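The values are calculated or read from the model by the stated rules, or taken from the named source; none is laboratory data. Because the structure is a prediction, the values reported are computed rather than measured. Cβ sites come from the backbone with ideal geometry, for glycine too, and all protein chains shown count toward neighbours.
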């Protein structure tokens, strides 16, 4: 049944901004002025693992020539670089040889966001032609083999190798057999190249620049690999510049292409654009919860986000007619399912509750769905074909057994809930069935009556990135901001219930 709730919405939903111009609903925002950066205006300070030096120098040269920016790079062992960032509390970007160092940096509050770059695997480096005939991990411990390893306390390759071989109870014996420990993976490879050592464990990609060094793979090292990502340092005073270079570095047709040439394994990157334009379709009810987050994201990234807010039925029709946004934030799962071929991997973000909205003080004494069938009442609802709200409303009426009784009193069916609130405020409606979020900040003139006992009155909002988007990583970073603590607070204050949790929680 339905229970009247005598709460004033203003006490629950504190953010204002309920009323939006109807002319904004259902169309792309007017063209925005470019928020792009000017790369040449300041140098970007990058802390980069020594293992990536050769490829990074190639990317740096091309970036500076093409974009006019300047990159100042400090190379070194990943742990040493992390310590430098922690002590100095400055810099713009951090690219360690293994993303575990970024996780440590994030835990310390040093990193704002990360972007995946590439992957390296651990192999055994030997002199050209493998003169010592090294074929197994046991061969590395032979008395005639001079083994050199990277220090696990400073270098990512040492840390990864130690972790994997300790699980196999192989590390202690190997460490004892090593004639020396080097600070970086490059130093290990150099020792072999100049004949100072016979074998060492290195990353495969590092050896591209060492013509006199070969490598062999070992089963024991099959799980020893490193995912490389670049992080934006939280203390950076020019994050848009840093992100500009990070996007270049991780673009499939720019930096990732060079990483592949240097022997790294690369994944899917974004298409390069100096000022990317990301397109987002979102249900109208989500606008007050996400609009400020999107504006802040545009400024920080130096990009443009073109968003279209409308009823989800209208948005689905536009997509089926050929419009393809980079991401879609639907008002309910049903309207994501209708375009599943475009957005195959949605994630649940929030819930929104369908309620009966009435004038403050409830002058008509409405307490239940059945009361909406009273003779002479003027009732507004969402349009079933144009928005998720209308579709859920009809399902709620049917499940409550009141559809045939209420529909004769329905005088207005709109594609968005804010239109119903406008008409309630103007006095042209006695009641409306809309989302709780539609009345955020309207406690001065509205009350809400909760619909209880009908499960379908709860809408679930999913987010998904288009499978063919040229900017999947950029869209993913926008989603990270939508899932930030600040954004979650905005959702809750607008009447939503938060649902999304990071993977593994």
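Filter the stretch 449-462 down to the residues that are in contact with a helix residue (DSSP H, G or I) (Cβ under 6 Å, 6 or more places away or on another chain) and at pLDDT 85 or above and list them by number. I'd like the intermediate steps shown before the answer.
Here is the first cut: in the stretch 449-462, the residues in contact with a helix residue (DSSP H, G or I) (Cβ under 6 Å, 6 or more places away or on another chain) are 451, 454, 456-457, 459-460, 462.
451, 459, 460, 462, listed by residue number.
Residue 396 satisfies every condition listed in (1) in a helix (DSSP H, G or I); (2) in contact with a strand residue (DSSP E or B) (Cβ under 8 Å, 6 or more places away or on another chain); (3) surrounded by fewer than 15 Cβ atoms within 10 Å (Cβ to Cβ) except (3). The single condition among (1) under 29 Å from the mean Cα position of the chain (by Cα); (2) over 18 Å from residue 423 (Cβ atoms) that residue 385 does not satisfy is (1). Take the conditions (1) closer than 26 Å to residue 175 by Cα; (2) modelled with pLDDT under 95; (3) surrounded by 18 or more Cβ atoms within 10 Å (Cβ to Cβ); residue 222 misses just one of them, which is (3). Cβ-Cβ distances below 7 Å connect no pair with a first residue in the stretch 234-258 that is within 22 Å of residue 208 (Cβ to Cβ) and not assigned by TED's automatic domain parsing to the domain that holds residue 55, a second residue that is crowded, with 24+ Cβ neighbours inside 10 Å and modelled with pLDDT under 95, and a separation of six or more residues or different chains.
Per-residue answers, yes or no, for (1) more than 28 Å from the chain's Cα centre (by Cα); (2) surrounded by 21 or more Cβ atoms within 10 Å (Cβ to Cβ); (3) not assigned by TED's automatic domain parsing to the domain that holds residue 208:
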{"position": "47", "(1), (2), (3)": "no, yes, yes"}
{"position": "60", "(1), (2), (3)": "no, yes, yes"}
{"position": "68", "(1), (2), (3)": "yes, no, yes"}
{"position": "73", "(1), (2), (3)": "no, no, yes"}
{"position": "80", "(1), (2), (3)": "yes, no, yes"}
{"position": "85", "(1), (2), (3)": "no, yes, yes"}
{"position": "92", "(1), (2), (3)": "no, yes, yes"}
{"position": "96", "(1), (2), (3)": "no, yes, yes"}
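I'm trying to understand the selection: among the residues of the stretch 397-418, which are touching a helix residue (DSSP H, G or I) at 6+ places or on another chain (Cβ under 8 Å) and either over 13 Å from residue 372 (Cα atoms) or assigned by TED's automatic domain parsing to the domain that holds residue 332 (or both)? 399, 412, 413, 414, 415, 416, 417, 418 - these are the residues of the stretch 397-418 that are touching a helix residue (DSSP H, G or I) at 6+ places or on another chain (Cβ under 8 Å) and either over 13 Å from residue 372 (Cα atoms) or assigned by TED's automatic domain parsing to the domain that holds residue 332 (or both).
Would you tally the residues in the stretch 478-505 being touching a residue at least 60 places away in the same chain (Cβ under 8 Å) and over 23 Å from residue 268 (Cα atoms)? Walk me through how you get there before you give the answer.
The first filter runs over the stretch 478-505 and keeps only residues touching a residue at least 60 places away in the same chain (Cβ under 8 Å), leaving 478-484, 486-487, 490-491, 493-500.
With over 23 Å from residue 268 (Cα atoms) added as a condition, the list becomes 484, 486-487, 490-491, 493-500.
Summing the residues that are touching a residue at least 60 places away in the same chain (Cβ under 8 Å) and over 23 Å from residue 268 (Cα atoms) in the stretch 478-505 gives 13.
Using the structure shown, decide if residue 475 is touching a residue at least 24 places away in the same chain (Cβ under 8 Å), crowded, with 18+ Cβ neighbours inside 10 Å and either touching a strand residue (DSSP E or B) at 6+ places or on another chain (Cβ under 6 Å) or over 30 Å from residue 232 (Cα atoms) (or both).
Working: touching a residue at least 24 places away in the same chain (Cβ under 8 Å): yes; crowded, with 18+ Cβ neighbours inside 10 Å: yes; either touching a strand residue (DSSP E or B) at 6+ places or on another chain (Cβ under 6 Å) or over 30 Å from residue 232 (Cα atoms) (or both): yes.
Yes.
Residues considered: 133, 83. Of these, the only one that is at pLDDT 95 or above, closer than 28 Å to residue 192 by Cα and out of contact with any strand residue (DSSP E or B) (no Cβ under 8 Å at 6 or more places or on another chain) is 133.
Quick check on this structure: which one of 405, 375 is in a loop (DSSP other than H, G, I, E, B), farther than 22 Å from residue 416 by Cα and without any contact (Cβ under 8 Å) to a residue 40 or more places away in the chain? None of the other options fit; the residue is 375.
Okay, residues lined up against (1) more than 21 Å from residue 76 (Cα to Cα); (2) buried (at least 17 other Cβ atoms within 10 Å of the Cβ); (3) in contact with a strand residue (DSSP E or B) (Cβ under 8 Å, 6 or more places away or on another chain); (4) modelled with pLDDT under 95:
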residue	(1), (2), (3), (4)
176	yes, no, no, no
192	no, yes, yes, no
197	yes, yes, yes, no
233	no, yes, yes, no
246	no, yes, yes, no
267	yes, no, yes, yes
271	yes, no, yes, no
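I'd like to verify a number: residues in the stretch 86-98 that are closer than 14 Å to residue 157 by Cβ and modelled with pLDDT under 95, how many?
Taking the stretch 86-98 as the starting set, the residues that turn out to be closer than 14 Å to residue 157 by Cβ are 96-98.
Add one more test, that the residue is modelled with pLDDT under 95, and what stays is 97-98.
So the answer is 2.
Residue count for the stretch 276-325 satisfying the condition of being more than 22 Å from the chain's Cα centre (by Cα), surrounded by fewer than 21 Cβ atoms within 10 Å (Cβ to Cβ) and outside any helix (DSSP H, G or I): 3. Within the bounds of the stretch 429-441, is there any residue that is at positive phi and surrounded by fewer than 21 Cβ atoms within 10 Å (Cβ to Cβ)? There is at least one residue in the stretch 429-441 that is at positive phi and surrounded by fewer than 21 Cβ atoms within 10 Å (Cβ to Cβ).
The number of residues in the stretch 485-505 that are in a loop (DSSP other than H, G, I, E, B) and surrounded by 14 or more Cβ atoms within 10 Å (Cβ to Cβ) comes to 5.
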